[in-house]
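Taken together, the values in this text are just the output of simple stated rules run on the coordinates, not laboratory data. Remember, predicted model here, so these are calculated numbers, not experimental data. For neighbour counting, all protein chains shown are included, and Cβ atoms are generated from backbone atoms with ideal geometry for every residue, glycine included.
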Amino acid sequence: MQTNSPVIALVGATATGKTDLAVGLAHALNGEVINADSMQFYKGMDIGTAKATLAEREGIAHHLLDIYHLNMEASVAEFQKLAREKVCEIRSRGKTPIITGGSGLYMRAALDILEFPPTDDELRERLSNEVHQLGSRHLIEELKSVDPTAAERIKDERRIIRAVEVYRLTGRPFSSFMPRRQYHPEMLPVVQIGLRIDRARLHERIEQRVEAMVDDGWIPEVQRLLAEGLADAPTASRAIGYRQMMDFLVDDTTQQAAMDSTIVATRRFARRQETWFKADPRVRWIDAEAPDLKIQALDVIKSS
């Protein structure tokens, strides 16, 4: 039974309780959960990514977890395709799709009109060699003539090369591919709910989470993943905490130093997440520690 139930998007910083709320809303709305956390795509990266256990999922179907092996590189464009397919599939069963995760770009890729321009490795290498030999001045001038908007915004050499590459491949200005805060028609209707929390309390929760992860067996998990190639994994190796724990396991640091470094890095990441999501005026914010959190979230959905 096809429905046009809203896509519920739960956003906010790490450790604010998005997963628990997603499960609660799924029970209330006959929903299923779609993961938008890029590091939870990887098989075996469970404890360190705070991936919901089977018990924590409480029988609710969760999608786009454990879809990649470590040696695969996560792709925003591929996620966009998969997430939208899951939304259509869930709606076709008469259920409510609930997307949750702290990866802001992945969430926008699923919800918004967002195009991904093509790439050409050979052309990019040629442009990179030109810059190495001649400098970037001539590419900047080319960009000014074909895409003054991008030329004004972009100062980084790598992105200048990318902008010229896109124009030469498509004939379209790179700036024309920039995302807009406009939901894709296939996703409508959409309700975005953000979980906010006092900064001091968030820092406390992050510290508690890291300590709990270690207690739950995170270090043995990293040892196993190292044997499977984590150190050379193109995307998975960049997950916050895993690099720190790998350093501990090869005796480059102590366990406590690795934990402290993970806590600091996670706090920084949380601030970036808050900045990203707060810039979107469509997000309806509620207190993550409110005793009636689920009721508030349901009220937001009903009133939207």
Quiz item: Sorted by average packing, counted as other Cβ atoms within 10 angstrom per residue and highest first, what order do 276-284, 160-168 take?
Solution: 160-168, 276-284
Quiz item: Quick one: putting +1 on the C-beta of Lys and Arg, -1 on the C-beta of Asp and Glu, what dipole do you get for the chain around its Cα centre, in Debye to the nearest 20?
Solution: 1160 debye
Quiz item: Counting pairs of alpha carbon atoms under 8 Å apart in space and at least six apart in sequence, what relative contact order in percent does the range 76-184 give?
Solution: 31 percent
Quiz item: Calculated from the structure, log10 I(q)/I(0) by the Debye sum over Cα atoms at q = 0.08 Å⁻¹ equals which of [x] -0.59; [y] -0.32; [z] -0.42?
Solution: [z]
Quiz item: Rounded if a/c is under 1.5, else prolate if a/b beats b/c, else oblate: with a ≥ b ≥ c from the C-alpha gyration tensor eigenvalues square-rooted, which is the range 121-176?
Solution: oblate
Quiz item: How would you order 10-19, 222-231 from highest to lowest mean count of nearby Cβ atoms within 10 Å?
Solution: 10-19, 222-231
Exercise. May I ask you to order 263-271, 295-303 by the average number of other C-beta atoms within 10 Å around their residues, highest value first?
Key: 263-271, 295-303
Practice problem: Using only alpha carbon pairs under 8 Å that are at least six residues apart, calculate the relative contact order of the chain and give it in whole percent. | Solution: 27 percent
Self-check item: Cα centre as origin, Lys/Arg/Asp/Glu Cβ charges: the range 1-116 dipole, Debye
Solution: 240 debye
Quiz item: Residue by residue, what Karplus-based ³J(HN,Hα) values in Hz, rounded to whole numbers, does the range 66-80 have, using 6.51, -1.76 and 1.60 with θ = phi - 60° and x for Gly and Pro?
Solution: 6, 9, 10, 7, 4, 7, 8, 9, 5, 10, 5, 5, 5, 4, 3
Practice problem: Give me the percent of DSSP beta bridges within the chain that run antiparallel, rounded to the nearest 5. | Solution: 5 percent
Exercise. Please list the non-local residues whose amide H lies under 5 Å from the amide H of Val190, H modeled 1.01 Å from N, same-chain partners needing a gap of 5 or more.
Key: Val7
Exercise. Just tell me which lysines come within less than 20 Å, Cα to Cα, of Lys278; anything on the same chain fewer than 8 places away is out.
Key: Lys18
Practice problem: Once you have a ≥ b ≥ c as the square roots of the Cα gyration tensor eigenvalues for the range 38-161, tell me rounded if a/c is under 1.5, and otherwise prolate or oblate according to whether a/b is larger than b/c. | Solution: prolate
Exercise. Count charges around Ala77 for me, please; just the other residues with Cβ under 12 Å from its Cβ, Lys/Arg as +1, Asp/Glu as -1.
Key: -1
Practice problem: Using the charge dipole of the range 146-281 (Lys, Arg: +1 at Cβ; Asp, Glu: -1 at Cβ; taken about the Cα centre), state which of Pro220, Ala239, Val190 has its Cα farthest towards the positive end. | Solution: Val190
